[in-house]
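A quick write-up on the structure given underneath.
The values are calculated or read from the model by the stated rules, or taken from the named source; none is laboratory data. It should be emphasised that the depicted structure is a prediction, and the values quoted were computed from it without experimental measurement. For neighbour counting, all protein chains shown are included, and Cβ atoms are generated from backbone atoms with ideal geometry for every residue, glycine included.
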Amino acid sequence: MELKHDKGIFYFGDSIETYVVKMETTLTEPVLTITHTEVSENHKGQGWGRKLLDALETFAAENGWNITATCTYAKGQLEKEKLAAIK
């Protein structure tokens, strides 16, 4: 699925109104902060949050940005990645 974005919201879906999953962000270059993650009811438990985070990490790297998070989901996923990289 194609990564789309509009006014700081990154998402998968036909439009921001009919998203599968979305992440709200703020950008203070070079840091992109994920502030909220939301998965539509019909798509919960199917790994969409992780898929969007992966796509957003690639997008950020292509733009020379670092990612951080205040959102508990994204923050937890990013911390798991750091721990895995250390091992």
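Is there a residue in region 5-24 that is surrounded by 13 or more Cβ atoms within 10 Å (Cβ to Cβ) and polar (S, T, N, Q)?
Residues of region 5-24 surrounded by 13 or more Cβ atoms within 10 Å (Cβ to Cβ): 5, 8-13, 16, 19-24.
Restricting the remaining residues to those that are polar (S, T, N, Q) gives none.
No: region 5-24 contains no residue that is surrounded by 13 or more Cβ atoms within 10 Å (Cβ to Cβ) and polar (S, T, N, Q).
Does Glu41 satisfy the criteria of being loosely packed, with under 13 Cβ neighbours inside 10 Å, at pLDDT below 95, out of contact with any Pro (no Cβ under 6 Å at 6 or more places or on another chain) and not aliphatic (A, V, I, L, M)?
Details: loosely packed, with under 13 Cβ neighbours inside 10 Å: yes; at pLDDT below 95: no; out of contact with any Pro (no Cβ under 6 Å at 6 or more places or on another chain): yes; not aliphatic (A, V, I, L, M): yes.
No.
Among the residues of region 36-87, write down those that are closer than 21 Å to Asp14 by Cβ, aliphatic (A, V, I, L, M) and touching a helix residue (DSSP H, G or I) at 6+ places or on another chain (Cβ under 7 Å).
Across region 36-87, the qualifying residues are Val39, Leu53.
Would you list the strands (runs of 3 or more DSSP E) that sit entirely within region 13-87 and hold 2 or more residues that are free of Cβ contacts under 8 Å to residues at least 24 places away in the same chain?
On the way: elements: 19-28, 31-39, 66-69.
Fully inside region 13-87 and qualifying: 19-28, 31-39.
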